[in-house]
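Here the structure comes first, spelled out in structure tokens, and everything after it is commentary.
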Amino acid sequence: MSSVTYGFEAAAAELVRVGHAAAVHGWVPATSGNFSVRLDNGEVAITVSGAHKGELTAGRIMRVDLQGRPLEDKRPSAETLLHVQLYRRDPAIRAVFHTHSIGSTVLSRMAQDELVLTEFEVMKAFTGIDTHETTLRVPVFSNDQDMTRLAARVATFLDSNDPVPGYLIAGHGLYTWGASVADTLRHLEAFEFLFQCELETRRLTAR
Ligand SMILES: [Zn+2]
């Protein structure tokens, strides 16, 4: 299915580009967020811990294995486990992006177990959706600093559901994925656009 190929240098260049774009949009404030690509050799290229995405360079991208263990002398993102669990589950996933936008943070705090979005044209940006006449149910997990516990909750949900390619962590942000960097960036942009639309709609219709 996937015909994309990523060596480390190409993947790092893509991650730098995506990181800078996310920073321009205000989706990764104060060194938050993390981005990864699955390499052709089965390893994962991921942003290091604490890197500001607006100032990201290839030197702040590192390799980890599918268990999230560092393959070089750098410290990977604290949320590496949430990336590699997606790669382990689905061989078709080639990129995972995580952002902390205002829209995802605010809406995920207001939602209970899911954020329901209905009948937006931009939903067609998601792989497998070809009409606006649809309802997206984005799962929301409560935040947790224990990544093993959080990853287990995500895994349990994904085992019994076929969700849109993304989920929210309450008061925290969005995880989204796809079969290439381009697919994943399109999903990220679509989610962030939907969140912003939903936020504006709720603001305008409040009281
Ligand atoms: Zn985060």
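None of the figures in this text is laboratory data; all of them are computed from the coordinates on show. These figures come from a predicted structure and were not determined experimentally. Cβ: placed from backbone, ideal geometry, glycine included. Neighbour counts: every protein chain shown.
Kirkwood hydrodynamic radius of region 47-94, from the reciprocal of the average inverse Cα-Cα distance over all distinct pairs: 11.4 Å. Extent along the principal axes, Cα only, for region 1-99: 32, 27, 22 Å, with the longest axis given first. With a simple spin-label model that places each label point 7 Å from the Cα along the Cα-to-Cβ direction, the separation between THR31 and PHE120 comes to 3.1 nm. A simple count of charges around TRP177, restricted to other residues whose Cβ falls under 13 Å of its Cβ and scoring Lys, Arg +1 and Asp, Glu -1, yields +3.
Over the chain, DSSP H runs of length four or greater, each weighted -39,500 (n - 2.57), average out per residue to a 222 nm ellipticity of -12000 deg cm²/dmol. Inter-label distance, CYS197 to ALA111: 1.5 nm, where each label sits 7 Å from its Cα along the C-beta direction. Projecting the alpha carbon convex hull of region 19-65 along each direction and taking the average yields 3.2 nm². Kirkwood hydrodynamic radius computed over region 96-174 comes to 13.3 Å, based on all pairs of distinct alpha carbons. The 3J(HN,Hα) values that the Karplus relation (6.51, -1.76, 1.60; θ = phi - 60°) gives for region 112-119 are, in residue order, 8, 9, 7, 10, 9, 10, 10, 6 Hz. Gly and Pro appear as x. Expressed in Å, the radius of gyration and Dmax of the Cα atoms of region 89-137 are 13.2, 33. Here the Kirkwood formula puts the hydrodynamic radius of the chain at 17.1 Å, using every distinct Cα pair. Spin-label model, LEU66 to VAL4: label points 7 Å out along the Cα-to-beta-carbon direction sit 1.9 nm apart.
Hey, if you put +1 on the Cβ of every Lys and Arg and -1 on every Asp and Glu Cβ in region 147-207, which of THR184, THR205, LEU150 ends up farthest toward the positive end of that dipole? Among THR184, THR205, LEU150, the one farthest towards the positive end of the dipole of region 147-207 is THR205.
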